[in-house]
Amino acid sequence: MDVHFHYNKQQVIGALRFHFMRRPEIKLFRGFLMGIVALAFVGYFTDFIRLKMLVWIFLLFIALMLFFWYILPFSVYQRAQTFKEPEITLRWTDEMLFIITGKGESMMRWSQFDNVMETGDFFYLYRSNKSFFLVPTNAFLNKEDRVSFSEMLQNRFPNYKSIKPGE
């Protein structure tokens, strides 16, 4: 079966944000930063630190969150040429996935993928913890084709995850 699509920039940015915010190291770092901010507020109200220091810690926290929310996803989007292709064709068989663009064709065995996740907007086909291919769910012309693709992935990958909005 062939699926033809192009990427929508805003949807891809949202998908990249979703990916980054779910990374364990970023969750840990975010929690660590929130803890520092909470301690800074406690320190301020107990006269352990001054207002100026509290403001600097809070501004650093905001700057780092803006980095994870805006700069990181936009920089990945800008560097990835695949997102700028006018049309991508996806074809699959029992053994392989073919990604066809105006610049050529890439073939990957299903065994090259470690993990698959489905959200409301995308299928994330992970080759490693940090390398993945996005397939927009709206690329499928009808719901039956999308469900068929989803079921094929579920049967192929025992660690398949389906994330519903809000999870």
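The values are calculated or read from the model by the stated rules, or taken from the named source; none is laboratory data. Just so we're clear, the structure is a prediction, and the values are computed from it rather than from any experiment. So basically every Cβ, Gly included, is an ideal-geometry build from the backbone, and we count neighbours across all protein chains shown.
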Original post:
Is it true that some residue in the stretch 3-10 is modelled with pLDDT of 95 or more and part of a helix (DSSP H, G or I)?
Top reply: yes
Subject >> Cβ-Cβ under 6 Å pairs, at least 6 apart or on other chains, the stretch 87-107 side β-branched (V, I, T), far side surrounded by 12 or more Cβ atoms within 10 Å (Cβ to Cβ) and not in a strand (DSSP E or B) >> reply: T101/E85
Original post:
Which of the following residues is assigned by TED's automatic domain parsing to the domain that holds L72, on the phi < 0 side of the Ramachandran plot, exposed (fewer than 11 other Cβ atoms within 10 Å of the Cβ) and part of a helix (DSSP H, G or I): K27, K52?
Top reply: K52
Original post:
For residues in the stretch 55-104 being β-branched (V, I, T) and more than 30 Å from G43 (Cβ to Cβ), which is nearest to the chain's Cα centre (by Cα)?
Top reply: V76
Original post:
Can you tell me which residues in the stretch 83-132 are loosely packed, with under 11 Cβ neighbours inside 10 Å, assigned to a strand (DSSP E or B) and among the basic types (K, R)?
Top reply: R109
Original post:
Which ones in the stretch 133-167 are assigned to a strand (DSSP E or B), closer than 19 Å to P73 by Cβ and without any contact (Cβ under 8 Å) to a residue 60 or more places away in the chain?
Top reply: F133
